[in-house]
1. Per residue of region 177-191, what does 6.51 cos²θ - 1.76 cosθ + 1.60 with θ = phi - 60° give for ³J(HN,Hα)? Whole Hz please, x for Gly and Pro, Karplus curve as stated.
2. Would you please state the base-10 log of I(q)/I(0) at q = 0.20, 0.22 1/Å for region 151-266, with intensities from the Debye formula using one equal scatterer on every alpha carbon?
3. For a quick check: with amide H placed at 1.01 Å from N, whose amide H comes under 5 Å from Q249's, ignoring anything fewer than 5 positions away on the same chain?
4. Each residue of region 53-62 in turn: what ³J(HN,Hα) in whole Hz from Karplus with 6.51, -1.76, 1.60 and θ = phi - 60°, glycine and Pro shown as x?
5. Given a cut-off of 24 Å, name the pairs among K155/K176; K196/K278; K196/K254; K22/K208 whose C-alpha atoms lie farther apart than that in the structure shown.
6. Give me, ordered by chain and number, the residues 5 or more places off D144 or on other chains with an amide H under 5 Å from its own placed amide H.
7. Could you work out the local net charge near V193, counting Lys and Arg as +1, Asp and Glu as -1, over the other residues with Cβ closer than 12 Å to its Cβ?
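Every number here is computed from the coordinates shown, using simple stated rules; none is lab data. Since we're looking at a predicted model, the values are computed, not measured. Here the Cβ is made from the backbone with ideal geometry for all residues, glycine too, and neighbour counts use every protein chain on show.
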Amino acid sequence: MRTAALLLVVGLCVLNITSSLKICAFNVQSFGESKANNKKVMGILLKILSRCDLSLIQEVRDSKGEAIQVLVKELNRFDNSNSYSYVESRRLGRKSYKEQDNMLEVMEHYQYPKQEGEGTNETDVFSREPFIVRFHSPTTLVKDFILIGQHTCPKNAMKEIDQLYSLFKEIYKKWKTDNVMILGDLNAGCSYVTIKGWRAMRLRSDPKFHWLIGDEQDTTVREKTHCAYDRIIVHGREIISCIVKGSAQPFNFKENFHLTEEEALEVSDHFPVEVDLKPNHRYLLRNEL
């Protein structure tokens, strides 16, 4: 079964002038009907996802779409102070909509390439096409930014990561903004990327791209592995200056929720990665008055 990416978007009902915007990416490892019906697993997932304002969820294997609906419904019930909705990579289009009047606006979203046969032969590099979402965000210092969600094929990770550089160029040409965040399970570590591969990778060699999750960090649940597979990469002066210092890191839910390795692996073999964007104090203060 083909996997999809799911982007959960939260509309804050109560704004606070100190609130940053937390963006997360989480490979939930085959999220579908089985996990959606597992109360223990869902309870942990809800605690993880409710920490985030934007969540890119990867490895959604739910052909009927029912598990996704259950997840969003339960998330709204679990965190009733907020209102969550989602954009899914399988149900694509060029429509715009607002989550709330005072929160994030999804300007456009699509899966690359937008239409079958569109683009160059280079698009064949991707085993799973990148999922691209453009946001307008009045509550953060950076007002407009783009998220590129990508889950690479392990054996082709180096080529796919490098090809994201070409994709960035296309996006800049299309939308005239360089405030871009690339995130997800890039398989960017351990045996999947060689020393030679790192050197040849344009996304790595260009100093304008900042890799917020370092090579030394561990995004895997298993004790026997220590790999930075999941990454967050940012480009653009505005969005880089908007990053909350020290906020980019994996979230070790096994340790935070006092789980055994076996219990944590029921949820996923990956930890989510996260980063915070600084709030626009003037906007938030104006809307609190």
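1. Ordered by residue, 3J(HN,Hα) equals 9, 10, 7, 10, 10, 9, 8, x, 7, 8, 6, 8, x, 6, 6 Hz.
2. For the requested q values the scattering log ratios are -1.13, -1.28.
3. Amide H to amide H, under 5 Å and 5 or more residues apart or across chains, Q249 pairs with E274.
4. Rounded to whole hertz, the list is 8, 10, 10, 8, 9, 10, 6, 7, 10, 8.
5. Working: K155/K176 33 Å; K196/K278 36 Å; K196/K254 34 Å; K22/K208 22 Å.
Those over the limit are K155/K176; K196/K278; K196/K254.
6. Those qualifying (amide H under 5 Å, at least 5 residues apart or on another chain) are S137.
7. Working: positive: K155, K159, K196, R199, R204, R231; negative: E160, D162, D215.
Net charge in that neighbourhood comes out at +3.
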